[in-house]
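Worksheet: the structure to be examined is printed underneath.
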Amino acid sequence: MAELSRVIGRQRFSVSCQEGVAPLAERLLRTVEAMVSAGSVFKDGETLNYGGLILALRQRGTALWLGCPRIEGDSVDADEDDVSPLLSLLAREIHFARGLGVEPEQVNLWDKVVLEEGCLSETDVFMERAPDAPSGDSGWFIGRVVEGERERVLTALRVWHLLRLRPRLVDAMALPRRFLVVWRGDAVAGVQDANGHERWGSR
């Protein structure tokens, strides 16, 4: 486990992560430095929105540590000190979108996802992002890939809940509005853009 620290302004900020994620943690600290330079003030007990991730600020000794948050009283990750899972997720989201030649559109951990009840246990699912959605709604719908008309029973959960249940789907959630992704298990079977053009096979 790596521990990175940087004195920013009059405050020491620290972060704990796996060795392989250290460059991402360095980028996080540089972002905090830029925010402090722009006038932001961070205190114990507050949170920081970093690319749709929410990081908790906890004062320990002389350092303000950035860690995984609790949302609705529940920890997003088992180890609240290790930010590796969240930073890795953000890197995968950005890589997925840019790998298809598009700029990522932020989705927040606490945003709502609408899905067809029971679809997450299916091997083949699709996910489609609506052209517009209110604040707090990711715009994503997830459903079964099946032929024919049927009555759908809809439910909803938060992105961070989906991260626990079927994490690979979250990798694609920074794709822009109107994008559609088809999954076969944890493998992408196809991606269509807002104009209905296939993006996955043309990479």
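For the stretch 6-26, the tally of residues that are of a type outside the set (D, E, K, R), part of a strand (DSSP E or B) and open to solvent by 20 Å² or more (accessible area, probe 1.4 Å) stands at 2. Summed over the stretch 78-99, residues that are over 11 Å from the mean Cα position of the chain (by Cα), at pLDDT 95 or above and surrounded by 14 or more Cβ atoms within 10 Å (Cβ to Cβ) total 2. Residues that are part of a loop (DSSP other than H, G, I, E, B), open to solvent by 70 Å² or more (accessible area, probe 1.4 Å) and in contact with a Cys (Cβ under 8 Å, 6 or more places away or on another chain) are absent from the stretch 60-77 altogether. Among the residues of the stretch 167-187, those identified as open to solvent by 10 Å² or more (accessible area, probe 1.4 Å) and more than 15 Å from residue 104 (Cβ to Cβ) are 167, 168, 180, 182, 184, 185, 186, 187. Once the stretch 46-57 is narrowed to residues that are open to solvent by less than 50 Å² (accessible area, probe 1.4 Å) and out of contact with any Cys (no Cβ under 8 Å at 6 or more places or on another chain), the residue that is farthest from residue 136 (Cα to Cα) is 57. Of the candidates 151, 105, 128, the single residue that is open to solvent by 40 Å² or more (accessible area, probe 1.4 Å), in a loop (DSSP other than H, G, I, E, B) and more than 23 Å from residue 68 (Cα to Cα) is 151. Is at least one residue of the stretch 27-45 under 28 Å from residue 177 (Cα atoms), open to solvent by 10 Å² or more (accessible area, probe 1.4 Å) and modelled with pLDDT under 95? No - not one qualifying residue is present in the stretch 27-45.
Taking residue 178 as the residue in question, decide whether it is more than 26 Å from residue 88 (Cβ to Cβ), touching a residue at least 40 places away in the same chain (Cβ under 8 Å), out of contact with any helix residue (DSSP H, G or I) (no Cβ under 6 Å at 6 or more places or on another chain) and assigned to a loop (DSSP other than H, G, I, E, B).
yes
Exactly one residue out of 201, 190 is open to solvent by less than 40 Å² (accessible area, probe 1.4 Å) and without any contact (Cβ under 8 Å) to a residue 24 or more places away in the chain: that is 190.
The values are calculated or read from the model by the stated rules, or taken from the named source; none is laboratory data. This structure is a prediction, so every number in the text was calculated from the model and none was measured. Glycine gets a Cβ as well: all are built from the backbone with ideal geometry, and neighbour counts include every protein chain shown. Just the protein is used for accessible areas: all its heavy atoms, side chains included, with ligands, DNA and RNA removed. Shrake-Rupley method; radii C 1.70, N 1.55, O 1.52, S 1.80 Å.
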